[in-house]
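K.L.:
First the structure, then my questions, so here it is.
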Amino acid sequence: MISRPVSLAEHRENAARAALRHFGRAPSFWAAAPGRVNLIGEHTDYNEGFVLPVAIDRHVVIGATPRADRLVRLYALDFDEGVAFSLDDIIYSQESRWSNYIRGVAWALQEAGYRLRGMDAVLTSDVPIASGLSSSAAVEVATAYAFQVLSGLDLDGVQRALLCQKAENQFVGMNCGIMDQYIISLGKRGHALLIDCRSLEYDLVPIPSGCSLVICNTRKKRGLVDSEYNARRQECERGAALLGVRALRDATPSLLEERAASLDPITLKRCRHVITENARTLEAVSALKEGNLGRVGELMNASHRSLRDDYEVSCRELDVMVEAAWKQGGVWGARMTGAGFGGCTINLVAEEAALDVAEAIGEEYQRVIGIAPEIYICQAEDGVSAIEG
Ligand code: GLA
């Protein structure tokens, strides 16, 4: 049930062997991009609000060698699947969906005017797929980083994140906000990042010592997520228009109260989530900085209730997992994390209790739902970086 990380050295060894078999040579450059978990600030990024994610010690690793021509050859070790495309003719692939994150990034970089070299690249990962920990954004950011280094591109972390988001929005067709690509691009070991999704500035928030990030994967595949996600975005835009603000980031609780009667019940609930979630996120940052983990936990619990009741993006599996955590001693707070409709919960847990708590939550979830969850006890990691040595 408790799943341990694969070390970068191990990832690299496996991928190097695969590259030798597949391309006949070992990669000359290695990069690792982490997955991410969001502590609080859910469904606020596309409302130009605040988020507080952490890059975690689960990685997509890419090993790449530049080519003299415009060919990109890829081998995904975990799917045992190879595919190739030309940088002069980048089209969406129906057959090998995973390769669209790589194609999309190459497309977005070239759209922005960057000149790319071809490459042979092997990929492997221990970021769980389709679980709300941003495995796809990690593939995008790892790819952008590899192209950046091999082609000598001048690109900062925020630009890299924006181009990866563009790849996801316009090439892959998922209308996500900036949070995932941003934290994976710019995360810092030992820290969460408070990201202002309007100014695109961040503030480093140390994770206090003695607390563990326990992530519980419901293993429920997130079927509804794309259509419901887009529906929520539209409801928020409608809410902002009715409230007369540029984005829900600009609305205050008192403005919402004043105008409540002019909003339909659904729009009112969606707006209430986003407006209160932004406030909770900023308060959680102050509480974290003061080391007041009890308060951070209360805010996380309130975030879950708001996502469940007002934003309506939770599901039975997530609620059961969160309620199982709420019963445990040593848990400061627990909530669903990511887009919702399945995926993972994030639990802020006293370090000495982490293993016992993880097991107790897992057993309760399995008893009620009948599925053994996967649980990851995580460290806050750096964003994308080269693997040296
Ligand atoms: C997904 C999206 C993010 C963000 C979250 C919800 O992870 O990719 O941009 O909107 O959902 O907070």
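The values are calculated or read from the model by the stated rules, or taken from the named source; none is laboratory data. As the structure is a computational prediction, the values presented were derived from the model and not from experiment. When we count neighbours, we look across all protein chains shown, and the Cβ atoms used for this are built from the backbone with ideal geometry, even at glycine. These accessible areas exclude ligands, DNA and RNA; they are computed on the full protein's heavy atoms, side chains included. Shrake-Rupley method; radii C 1.70, N 1.55, O 1.52, S 1.80 Å.
K.L.:
Determine whether region 130-138 contains at least one residue that is surrounded by 24 or more Cβ atoms within 10 Å (Cβ to Cβ) and touching a Leu at 6+ places or on another chain (Cβ under 8 Å).
P.N.:
no
K.L.:
Say whether the condition of being part of a helix (DSSP H, G or I) and among the aliphatic types (A, V, I, L, M) is met by at least one residue in region 129-136.
P.N.:
Among the residues of region 129-136, not one is part of a helix (DSSP H, G or I) and among the aliphatic types (A, V, I, L, M), which makes the answer no.
K.L.:
For region 132-162, which positions are within 17 Å of G35 (Cβ to Cβ), away from the ligand (no atom under 16 Å from the Cβ) and of a type in the set (S, T, N, Q)?
P.N.:
Of everything in region 132-162, just one residue is within 17 Å of G35 (Cβ to Cβ), away from the ligand (no atom under 16 Å from the Cβ) and of a type in the set (S, T, N, Q), namely T143.
Quick grid of which residues meet (1) away from the ligand (no atom under 16 Å from the Cβ); (2) in a loop (DSSP other than H, G, I, E, B); (3) more than 17 Å from C216 (Cα to Cα):
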residue	(1), (2), (3)
A284	no, no, yes
R295	yes, no, yes
E359	yes, no, no
G362	yes, no, no
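K.L.:
Which of the residues that make up region 180-201 are open to solvent by 10 Å² or more (accessible area, probe 1.4 Å), near the ligand (Cβ under 10 Å from one of its atoms) and over 15 Å from V225 (Cβ atoms)?
P.N.:
C197
K.L.:
Same structure, new question: On the given criteria, is V322 crowded, with 23+ Cβ neighbours inside 10 Å, assigned by TED's automatic domain parsing to the domain that holds N230, under 23 Å from the mean Cα position of the chain (by Cα) and not in a strand (DSSP E or B)?
P.N.:
It is true that V322 is crowded, with 23+ Cβ neighbours inside 10 Å, assigned by TED's automatic domain parsing to the domain that holds N230, under 23 Å from the mean Cα position of the chain (by Cα) and not in a strand (DSSP E or B).
K.L.:
Oh, and also: Name the residue that is nearest to A284 (Cα to Cα), counting only residues in region 337-346 that are in a strand (DSSP E or B) and more than 10 Å from the ligand (Cβ to nearest atom).
P.N.:
In this case the residue turns out to be I346.
K.L.:
Further question on the same structure: Looking only at region 58-76, how many residues end up being surrounded by fewer than 21 Cβ atoms within 10 Å (Cβ to Cβ) and not basic (K, R)?
P.N.:
6
K.L.:
Quick one: count up the residues across region 6-44 that are part of a strand (DSSP E or B) and within 12 Å of the chain's Cα centre (by Cα).
P.N.:
6
K.L.:
Between a residue in region 47-60 that is under 11 Å from G383 (Cα atoms) and any residue that is surrounded by fewer than 24 Cβ atoms within 10 Å (Cβ to Cβ) and basic (K, R), which pairs come within a Cβ distance under 8 Å, given they are 6 or more apart or on different chains?
P.N.:
A55/K188
K.L.:
What are the residues in region 143-172 that are among the aliphatic types (A, V, I, L, M) and open to solvent by 10 Å² or more (accessible area, probe 1.4 Å), if any?
P.N.:
Residues satisfying the conditions are V149, L150, L153, L155, V158, L162, L163, V172.
K.L.:
Additional query: G177 versus (1) within 24 Å of E95 (Cα to Cα); (2) in contact with a His (Cβ under 9 Å, 6 or more places away or on another chain); (3) in a loop (DSSP other than H, G, I, E, B): which is the lone unmet condition?
P.N.:
Evaluating G177 over (1) within 24 Å of E95 (Cα to Cα); (2) in contact with a His (Cβ under 9 Å, 6 or more places away or on another chain); (3) in a loop (DSSP other than H, G, I, E, B) leaves (1) as the failure.
K.L.:
Can you tell me which residues in region 46-57 are within 16 Å of the ligand (Cβ to nearest atom) and surrounded by fewer than 24 Cβ atoms within 10 Å (Cβ to Cβ)?
P.N.:
Across region 46-57, the qualifying residues are Y46, E48.
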